[in-house]
Every structure is written in C-alpha cells, then in structure tokens.
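The values are calculated or read from the model by the stated rules, or taken from the named source; none is laboratory data. This is a predicted model, so every value here is computed, not measured. As a convention, Cβ positions derive from the backbone with ideal geometry for all residues, glycine included, and neighbour counts pool all protein chains shown. Each accessible area value is taken on the protein alone, full model and side chains, heavy atoms only, with ligands, DNA and RNA left out. Shrake-Rupley method; radii C 1.70, N 1.55, O 1.52, S 1.80 Å.
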Amino acid sequence: SGLVPSGDRTVQHRRVATTQPSPVRKISALPTPLATSAAGACSTPSISCHRRCSSPPPCSLITGACCCWRGDKRGCCLFSSQSVMDRAVEAASEFFKLPSETKQEFASDDIRRPVRYGTSSKDGTRPSRTFLKHYAHPLSEWMKYWPEKPPTYREDMGKFSAGVRRVALELMEAILEGLGLGKHYQHEEFENGLQLLQVNCYPKEPEGESAIGLAPHSDHGFLTILLASCPGLEVLDRSSDTWRVVQQPRHALHVHVGDCMEVLSNGRVKTAVHRAVLNHGEARISMASIHSFAMHEKVSVAKELVDEQDPEKYKESSFSDFLDYLMSNADKKRMSFLESLRT
Ligand SMILES: O=C(O)CCC(=O)C(=O)O
Ligand SMILES: [Fe+2]
C-alpha cells in the first residue's frame with residue numbers, strides 16, 4: 001500500500017515457484033447491478049437497459065443506479081461488472097501515460113492530501129512503482145479532487161469504487177458473522193467508513209533481473225480489494241515463511257484483510273503481509289481499494305472477543321493516528337504501525 005512504508009520489514013523471504021495456488025480467497029466478479037452512469041441520457045447506448053428504474057431521477061453514481069431513456073421507456077442502465085473493471089484499468093492506464101507535468105500536479109509528500117501522485121523505490125535508485133492515491137467514499141465529497149484527465153477517469157473510477165465498496169461491505173458482514181459478532185456489528189461505523197483507492201503502475205521487469213515493485217507490507221484497513229491487469233502480487237504464507245504467488249485470472253478480485261481486522265478480532269484474523277513483484281511480460285496496473293472506519297473513528301478490539309484467557313492484545317487507534325504515525329519519524333521507524341499497537 002505504501003501505507004506501511006517500504007523497508008518496514010527487514011525479514012527476507014524466499015520467492016516460490018509461480019505455480020503455487022493462492023492462499024487467499026478470490027471472487028470472480030462483482031455482484032450486479034453495479035453503479036452506472038450519471039443522470040440523464042444513457043452514456044453508453046450500446047449497453048441494453050433492461051430493468052425498470054426503481055429510484056426517482058436524477059439517479060447518480062452515488063446511489064449506484066442510472067436512469068436513462070430508451071425509446072419511450074425509462075430504465076436502469078446496468079453495466080456489466082466486467083466492463084466496469086476493464087474501464088477502470090483503462091482509465092488508470094491512461095492516467096499514467098499522461099505527460100509527467102500533468103501527473104506532477106498531484107505530487108505531494110503530504111500524506112493527508114486528498115489526492116496524491118508519487119513514486120516509491122525499493123533500493124533508492126530506481127523508482128519501481130508510480131501511484132495515485134485518493135479517497136473514494138463518499139464519492140460526492142472526494143471525486144471533485146480526482147484527476148480530470150483522462151476525461152473518463154472520474155466516471156470510470158467512480159463506478160469501480162462504488163461497486164467494490166458494496167462488495168467490501170458484504171464481505172465484512174460475512175466475516176463479522178464468522179467471528180460470532182453478528183453481521184450488523186458496528187454497522188454504522190462501516191457504513192460511514194473511509195475508502196482509499198491506491199492506483200499503482202509498475203514497469204515491466206527488466207530482462208534478467210527479478211525486481212520488487214512494492215516492498216512487503218500490510219494494509220491498514222479492514223479489507224483490501226485488489227484488481228490487477230496481470231500477475232505480480234505475492235502474499236506471505238506465515239506457516240512456511242514463503243511467498244505465495246497470487247493468480248490473476250481476468251476480472252478476478254483479490255481480497256485480503258488488513259491491520260484493523262487483526263485488531264478488531266483480537267488477533268484471530270491476521271493481517272496479510274504482501275508485496276508486488278514486477279511482471280516480466282508487461283507493465284502492470286493494480287488498484288487496491290482499502291476499507292476502514294472514518295478518519296477519526298477509533299478501531300478497537302471487540303470486547304466480545306476478550307476474556308481472561310484472551311486479554312486485549314491491541315490498543316485502539318484511528319486512521320488519523322495511523323497517518324500521524326507514518327509522518328512521525330518516518331526514516332527511523334523500526335516497527336510497523338500494527339506492531340506499535342500491541343499491548
Ligand atoms: O500491486 C499490487 O499487487 C499490490 C498493491 C498493494 O499492495 C497496495 O497498493 O497496497
Ligand atoms: Fe498493499
């Protein structure tokens with residue numbers, strides 16, 4: 001994520017063969033319907049409108065429904081989730097192709113900026129990843145800060161963000177149920193939670209070299225949902241201390257849990273340590289959608305998961321505390337934020 005700074009973990013792990021199955025769950029597509037285009041005319045007339053519109057106009061990206069006119073009938077225009085994913089990858093890819101000056105307008109070292117463009121290098125010599133990070137929920141608040149170029153960026157990334165957020169909320173309910181907390185546990189905090197989109201662009205791997213695009217780290221939120229244009233993600237298998245290659249079938253979303261989930265579950269669910277390696281065949285785009293509570297909302301261990309045998313293992317913290325931690329003492333940090341929360 002770049003959320004936990006590169007080089008944060010000093011342990012070196014052996015890379016494993018690319019045929020290893022992924023240890024993490026994948027889902028093959030977003031549930032339909034996904035968010036669609038803005039109010040008014042259907043922006044892609046080639047896609048059939050096949051449902052009666054249930055919400056009053058003007059529908060918008062934010063409500064996840066689009067009203068459009070077809071002949072004399074008003075209907076809901078539904079994009080397939082595959083095309084939403086393809087368009088989001090395409091918009092990201094077009095953004096990274098823009099001239100450097102255009103992208104540099106978003107460059108900043110201030111990690112509290114709503115949109116931030118930058119590069120991160122592993123060895124300090126050659127940047128191996130460029131990224132664009134921005135908040136995505138609520139869309140009405142954040143979209144106005146997003147790039148206006150390419151012209152498709154806001155609409156296509158908006159649809160992707162809204163769809164992926166619904167997936168995250170559904171998965172979260174299932175996990176909470178699995179933990180015995182009930183699917184509505186802290187429902188409001190999740191509903192009002194923050195979504196951070198990290199759009200990454202990695203160059204093709206130079207011939208004869210194997211290169212890390214993004215150093216080992218864990219993501220801060222509860223859940224990360226990742227879409228990538230080709231393979232490159234690896235997840236640490238804690239039992240064997242080796243890297244497992246995550247397969248990337250087309251239109252598959254990869255889901256992993258982050259630090260907040262480890263805290264809330266009092267360590268029953270462990271954050272996923274992962275990294276990205278450069279793909280030797282092609283440049284790679286990945287989009288990581290990170291889901292957390294709102295900026296100042298504290299995440300703490302669920303009291304229901306604490307007893308004498310299992311005392312509280314983590315201190316409470318908010319996303320804002322996490323950002324403060326990253327900004328303080330950035331060079332000298334030996335501990336990840338999660339480690340700093342251990343009681
Ligand atoms: O590019 C990838 O596969 C991983 C990206 C990632 O871990 C992140 O943005 O947090
Ligand atoms: Fe990450």
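Pick out the one residue from GLU170, GLU188, GLU155 that is free of Cβ contacts under 8 Å to residues at least 40 places away in the same chain, open to solvent by 30 Å² or more (accessible area, probe 1.4 Å) and out of contact with any Cys (no Cβ under 6 Å at 6 or more places or on another chain).
Result: GLU188 is the single residue among GLU170, GLU188, GLU155 that is free of Cβ contacts under 8 Å to residues at least 40 places away in the same chain, open to solvent by 30 Å² or more (accessible area, probe 1.4 Å) and out of contact with any Cys (no Cβ under 6 Å at 6 or more places or on another chain).
Can you tell me which condition GLU173 does not meet? The list is (1) outside any helix (DSSP H, G or I); (2) more than 22 Å from TYR135 (Cβ to Cβ); (3) not hydrophobic (A, V, I, L, M, F, W, C), and all the others hold.
Checking GLU173 against (1) outside any helix (DSSP H, G or I); (2) more than 22 Å from TYR135 (Cβ to Cβ); (3) not hydrophobic (A, V, I, L, M, F, W, C), the one that fails is (1).
Within the bounds of region 262-279, is there any residue that is over 30 Å from GLU207 (Cα atoms), in contact (Cβ under 8 Å) with a residue 12 or more places away in the chain, within 13 Å of ligand 2 (Cβ to nearest atom) and open to solvent by 20 Å² or more (accessible area, probe 1.4 Å)?
No: region 262-279 contains no residue that is over 30 Å from GLU207 (Cα atoms), in contact (Cβ under 8 Å) with a residue 12 or more places away in the chain, within 13 Å of ligand 2 (Cβ to nearest atom) and open to solvent by 20 Å² or more (accessible area, probe 1.4 Å).
Being closer than 30 Å to VAL301 by Cβ and within 16 Å of the chain's Cα centre (by Cα) is the filter here, so list the residues in region 155-193 that pass it.
SER161, VAL164, ARG165, ARG166, VAL167, ALA168, LEU169, GLU170, LEU171, MET172, PHE190, GLY193
Working only within region 182-210, note down all residues that are in a loop (DSSP other than H, G, I, E, B) and either within 18 Å of SER317 (Cβ to Cβ) or touching a strand residue (DSSP E or B) at 6+ places or on another chain (Cβ under 6 Å) (or both).
GLN186, ASN192, GLY193 - these are the residues of region 182-210 that are in a loop (DSSP other than H, G, I, E, B) and either within 18 Å of SER317 (Cβ to Cβ) or touching a strand residue (DSSP E or B) at 6+ places or on another chain (Cβ under 6 Å) (or both).
Of all residues in region 110-154, how many are under 19 Å from the mean Cα position of the chain (by Cα), assigned to a helix (DSSP H, G or I) and at pLDDT 95 or above?
Residues in region 110-154 being under 19 Å from the mean Cα position of the chain (by Cα), assigned to a helix (DSSP H, G or I) and at pLDDT 95 or above: 5 in total.
Collect the residues in region 237-247 that are open to solvent by 20 Å² or more (accessible area, probe 1.4 Å) and either within 12 Å of ligand 2 (Cβ to nearest atom) or in a loop (DSSP other than H, G, I, E, B) (or both), keeping them in residue-number order.
The answer is ARG238, SER239, SER240, ASP241, GLN247.
Could you look through region 280-301, keep only residues that are among the aliphatic types (A, V, I, L, M) and open to solvent by less than 10 Å² (accessible area, probe 1.4 Å), and pick out the one that is nearest to ligand 1 (Cβ to nearest atom)?
ALA288
Looking at (1) part of a strand (DSSP E or B); (2) open to solvent by 50 Å² or more (accessible area, probe 1.4 Å), can you tell me which one GLU234 breaks?
Every listed condition holds for GLU234 apart from (2).
Do you know which residues across region 295-338 are in contact with an Asp or Glu (Cβ under 7 Å, 6 or more places away or on another chain) and under 21 Å from ARG165 (Cβ atoms)?
Across region 295-338, the qualifying residues are GLU297, VAL299, SER318.
If GLY267 satisfies all but one of (1) within 12 Å of ligand 1 (Cβ to nearest atom); (2) in a loop (DSSP other than H, G, I, E, B), what's the number of the condition it fails?
Tallying (1) within 12 Å of ligand 1 (Cβ to nearest atom); (2) in a loop (DSSP other than H, G, I, E, B), GLY267 fails exactly one: (1).
When you scan region 248-261, do you find a residue that is in contact (Cβ under 8 Å) with a residue 40 or more places away in the chain, polar (S, T, N, Q) and either more than 9 Å from ligand 1 (Cβ to nearest atom) or part of a loop (DSSP other than H, G, I, E, B) (or both), even just one?
Within region 248-261 (the criterion being in contact (Cβ under 8 Å) with a residue 40 or more places away in the chain, polar (S, T, N, Q) and either more than 9 Å from ligand 1 (Cβ to nearest atom) or part of a loop (DSSP other than H, G, I, E, B) (or both)), the answer is no, since none of the residues qualifies.
Looking at region 205-212, can you tell me whether even one residue there is within 13 Å of the chain's Cα centre (by Cα) and either away from ligand 1 (no atom under 14 Å from the Cβ) or surrounded by fewer than 22 Cβ atoms within 10 Å (Cβ to Cβ) (or both)?
no
When residues of region 221-231 are filtered for being open to solvent by less than 10 Å² (accessible area, probe 1.4 Å) and more than 9 Å from ligand 1 (Cβ to nearest atom), how many remain?
6
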